[in-house]
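Okay, so here's the structure we're looking at.
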Amino acid sequence: MGFEQAHSMFMDLHMSQRAGERRGRLVRGHNFAEKLFLENIWWPLFESLDHLHPEYEIYDWNRKSQFLDFAFLPASGIRFGIECDGFQSHIKDMDREKFSYALNRDTFLTAMGWKMLHFSFDDIQQRPEVCRMLLQLALAPYLARKTAVKDILSKEKEVLRLAWQLGKPIRPKDVSGHFQINFRTARSLLQTLSAKGLLEPVESEQRVRFYRVKAMQADQLW
C-alpha cells in the first residue's frame, strides 16, 4: 500500500470516529504541513500510520481544550505529542502572552507524562532527513524491536546515542558498563562508528583511548 492510499484510509477512519468540534477541527487543522510531515517524515520510517492520531484533543491546567497536530499512542503506553510549527503562525504572529502560554502548555503536558516533539515546517519541507534522524533518536528507547522502524535499536545507533548523552569523549569502558557487554565488543562498536565517520578517535600516549562525537549528517545515519 502506498502513502496516498494509506493516508486516505487514515483520515476516513478518524473522521468516522469523531463528531462536532472534534471532527471540525480535524477538517480544518489537518492541512498541507501535517500531511507533508506524514509523507516526508513518518511514512519513510514506519510505512504505517498505526497508533497515530491527527488533531488530538488534550486539556491544559485550566481544562481548556487544545489540539495537538498528532499524538503517537503505541500499546506500550508512552504518549508523544508532535507539533508541526510554521514560522508565520507560531513565531512571527505570536505575542508575549501566547508565547508564554505555549511554553507553559508544553511544560504542563510534560508533567502529565507527555513527551513533546516539535518540527518546523521549513525542515519538514526542505530538510526531512534531519527530522527523520531526530524522530528516530527520540522514539528509539520507547519502541519494541518488532516495530517497522528499520534497525532503530541497532547496537551502533544505541552506542551513538549514549555518546551524545554523555556530553564528553566516550570510552570502551563506558559502552561496556552501560550495555553490559565485554570490553572487546564495546571497542569494536566504537571503532566501527569511527570508520563510518560518526565518531572521531582521540589519541593518548599513541593509543586511542577515547572517541569524540562528530557533527552528524542525517544521511550518514539513516
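The values are calculated or read from the model by the stated rules, or taken from the named source; none is laboratory data. This is a predicted model, so every value here is computed, not measured. Note that each Cβ is placed from the backbone with ideal geometry, even for glycine, and that neighbours are counted across all protein chains shown. Surface areas here come from the heavy atoms of the whole protein model, side chains and all, with no ligands, DNA or RNA. Shrake-Rupley method; radii C 1.70, N 1.55, O 1.52, S 1.80 Å.
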field: Any chance Asp106 is within 25 Å of Gly2 (Cα to Cα), of a type outside the set (A, V, I, L, M, F, W, C) and at pLDDT 90 or above
entry: no
- prompt: Can you tell me how many residues in segment 152-196 are surrounded by 15 or more Cβ atoms within 10 Å (Cβ to Cβ), modelled with pLDDT of 80 or more and in a loop (DSSP other than H, G, I, E, B)?
  reply: 3
message: Looking only at segment 14-64, count every residue that is in a strand (DSSP E or B) and without any contact (Cβ under 8 Å) to a residue 12 or more places away in the chain and tell me the total.
response: 1
task: Those residues that are under 16 Å from the mean Cα position of the chain (by Cα) and in a helix (DSSP H, G or I), I need them from segment 100-121; list them, please.
output: Asp106, Thr110, Phe121
task: Please tell me if Phe70 is buried (at least 18 other Cβ atoms within 10 Å of the Cβ), part of a strand (DSSP E or B) and without any contact (Cβ under 8 Å) to a residue 40 or more places away in the chain.
output: yes
message: Among the residues that make up segment 91-99, is at least one of them at pLDDT 95 or above, more than 27 Å from Met133 (Cα to Cα), in a helix (DSSP H, G or I) and open to solvent by 50 Å² or more (accessible area, probe 1.4 Å)?
response: no
- request: List every residue pair whose Cβ atoms sit under 7 Å apart, with the two residues 6 or more apart in sequence or on different chains, where the first one lies in segment 183-199 and is assigned by the TED database to the domain that holds Lys155 and closer than 12 Å to Lys173 by Cβ and the second, anywhere, is in a helix (DSSP H, G or I) and among the small types (Gly, Ala, Ser).
  value: Phe183/Ser176; Ala186/Ser176
